[in-house]
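Structure, as structure tokens:
Each reported figure results from applying straightforward, stated rules to the coordinates on display, with no laboratory input. Quick caveat, the model's predicted, so the values are computed rather than measured. So basically every Cβ, Gly included, is an ideal-geometry build from the backbone, and we count neighbours across all protein chains shown.
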Amino acid sequence: MKKSVNARIVSNRRIAPDHFVMEVKSVWLSRNSSPGQFVAVRARENATDPLLRIPLGVHAIRKKGIRLLYKVVGSGTKLLMSKRKGERINILGPLGNGFDLTPVFREKDSRAVIVAGGHGIAPLYELARVVTRGKKKVDFFIGAGTKKHVVCSKELRKLGAKVHVATEDGSMGHKGYVTDLLKKHLKQVKRYGTRVQGYRSRATIYACGPRPMLAALAKNAKRSGVPAQVSLDAYMACGIGACLGCVVRTVDGYRRVCKDGPVFDAREIVWESA
Amino acid sequence: MGLRIKIGKVTFPNPVWVASGTFGSGEEFQDFLDLGTIGAVITKTVTLKAREGNPPPRIVETPSGLLNSIGLENKGIDHFRKEVYPVLRELKTKIIISIAGADKKEILKCAGRLLEEEPPDAIEVNLSCPNVTQKATGYRLISQDPRATERIVSSLRRETTCALIAKLTPDVTDVAAIARAAEAGGADAVSLVNTYPGMAVDAEDMKPVLGNVIGGLSGPAIKPLALKAVRDVYNSVNVPVIGIGGIMTGTDVAEFMLCGARAVQVGTANLADPGAYTRILAEFKLYLKRKKIDKAGALTGRLKT
Ligand SMILES: Cc1cc2nc3c(=O)[nH]c(=O)nc-3n(C[C@H](O)[C@H](O)[C@H](O)COP(=O)(O)OP(=O)(O)OC[C@H]3O[C@@H](n4cnc5c(N)ncnc54)[C@H](O)[C@@H]3O)c2cc1C
Ligand SMILES: Cc1cc2nc3c(=O)[nH]c(=O)nc-3n(C[C@H](O)[C@H](O)[C@H](O)COP(=O)(O)O)c2cc1C
Ligand code: FES
């Protein structure tokens, strides 16, 4: 079940030059959301511009509400940035299917390898929290353009995740793409041994980020025989599966990112056309 | 207050409907409103054979508008009959089924399959989707050609006594002429507008935004254009006109009715807010009350000029 709620903003603070975290109070969203699901927020009431809602991943689930992490990229997110504590905001959710955690929790020594590119980190923090709380190991890879855009690394370390950083300009961690850093690591992942869902791997990759990053990652994961779940981004209108606007090409034809996803098995996506 | 209106022989509980392609098959909206309160649900256009639709990206927001190029993705009439229609018929709502096809033969076959079932409350024949090329005519869309429009409507008319609505494109020199052709073919009503053809450009990448390059524009951005089209048609046909285009509020409903619409359809507003319908209907009722109009139908064409 989904609902649209007028949630009160508890806080809305800058965590990096263009990144903000907004916490809203809503027991409904707290109780019903799971890692990898998203919500659709209305940036302005009684207005026709922006017309549509902004889809945002559930960044953290709190006792009485949720947190959203967003990057300011355009007119809608700019409006979000100026929202103040105490104001209300209309949120539709929770939407879509979250990550499947059964592969991580099924075997004794299985683990999660989480890969975030840019604002793709938003839905992955909550995932890392749930996995580490379940006493499973997390390797968390963060990719960003430059050091200033690396967010959440401290919080992730606090959870007990092993954090690996790659920046394109080399200002922090490995210099280059996060997928290249991951590729090296995958050799080690293979040594973790045995299987998850028919793979010879005890690790499962969870990733969210730009399409080209996910495409590269899917290729490496396949080659290394490691299962991967990816959370996709698409232009959305309704967010509830009604308009067929957000489709991605899969091996079974077009599927809706908002309702059949946003999380897909990387093997299902036809990456060349994505 | 009397909200009921009539199209052909069918009485609808109220004149505010939901537009094809913007309401799925209704099911998706059940968490947000009681479908029984809707004047009529027009289903996503269905074609004889399944259609994959256009390559993504299929939608992009433009100032106060939405540009889409879904491309009539649907699973075909047989799937519709088996999986969708039985569920729809259980709803206590008037159901209007939208059909389309590349030419007369395909449209007639699609209607024929549909009519093997118990007929719906009405059929809306979509002669105007900007996202597929129709081959019935030398024009890109059937409803750009008055002769093809009349021919197709009249052959459908011979197939069924069920209320028949022709949905028209506004992308023509004289939309009233097309509406007259649909009327001559025997349509019980005409509905307009379908989306206006348009496109969006990403100057940074120097590329069109939509996978299909062109799409159809909907939403508040097109309302002034749609109001004019409805008024032009109302002034030149005798059959009821159903107004569509950028309706977001109860006042918008009233504006269309004043311009001559007997009923209206809400489209993009459903996508922006799945609960929009309920608010719009409530606002429209308040408008009627405030204006002391006791029959919704009495508003049609009352524009003072
Ligand atoms: C399921 C889902 C979850 C998401 N979660 C998050 C999140 O947790 N945090 C976050 O910061 N962002 C997230 N996004 C992306 C976010 O929705 C967009 O950045 C936002 O809608 C931009 O709105 P705007 O009005 O500020 O930008 P606009 O003014 O609309 O656009 C600014 C620029 O961003 C591009 N853009 C806008 N929307 C998208 C999109 N959906 N896909 C690709 N490019 C786009 C435009 O082409 C343009 O170049 C998510 C998207 C989806 C589909
Ligand atoms: C995403 C989307 C899909 C649509 N699909 C159809 C369709 O399948 N058949 C049809 O007749 N009209 C379709 N339309 C057009 C609408 O029914 C309506 O005529 C148009 O959007 C104008 O109304 P609005 O401004 O209220 O949205 C679609 C519109 C949108 C936005
Ligand atoms: S956004 Fe409408 S179907 Fe996904």
inquiry  = Please compare each pair in A:K64/A:K85; A:K25/B:K285; A:K3/B:K82; A:K162/A:K184; A:K2/A:K25 to a cut-off of 24 Å on the Cα-Cα distance and tell me which ones are over it.
reply    = A:K25/B:K285; A:K3/B:K82
task = Take the Cα radius of gyration of the protein assembly as shown and divide it by 2.2 N^0.38 Å, with N its residue count; two decimals is plenty.
result = 1.04
task = Find the Cα radius of gyration of the range A:85-129, compare it with 2.2 N^0.38 Å by division, and give the number to two decimals.
result = 1.58
key: the range A:31-61 versus the range B:208-266: alpha-carbon centroid distance in Å   = 29
task = Indicate, rounded to the nearest 5 percent, the antiparallel portion of the DSSP beta bridges found entirely in the protein assembly as shown.
result = 50
ask   = How much mean residue ellipticity at 222 nm does chain A get from its helices, if each DSSP H run of length 4 or more adds -39500 (n - 2.57) and you divide by all residues, to the nearest 500 deg cm²/dmol?
value = -6500 deg cm²/dmol
note = Stokes-Einstein D for chain B (20 °C, 1.002 mPa s, Kirkwood Rh from Cα pairs), in µm²/s, comes to 112
note = Computed, not fitted: 222 nm per-residue ellipticity of chain B from DSSP H runs ≥ 4 (each -39500 (n - 2.57)), nearest 500, equal to -8000 deg cm²/dmol
query = Could you work out Rg/(2.2 N^0.38 Å) for the range A:102-230, with Rg from alpha carbons only?
reply = 0.97
message = Taking every pair of distinct Cα atoms and averaging 1/r, then inverting, what Kirkwood hydrodynamic radius in Å comes out for chain A?
response = 18.8
inquiry  = Between A:Y206, A:Y70, A:Y254, where does the largest GNM mean-square fluctuation fall for chain A, given springs only between Cα atoms within less than 10 Å?
reply    = A:Y254
Inverse mean reciprocal Cα-Cα distance (Kirkwood Rh) of the range B:154-283, Å = 15.8
ask   = What is the local net charge at B:P13, summed over the other residues whose Cβ is closer than 13 Å to its Cβ (Lys, Arg +1; Asp, Glu -1)?
value = +3
request  = Jot down the per residue volume, in cubic angstrom and as a whole number, of the convex hull over the alpha-carbon atoms of the range A:3-95.
outcome  = 86
remark   = Expressed in angstrom and rounded, the centroid-to-centroid distance over alpha carbons for the range A:203-274 and the range B:48-76 is 19
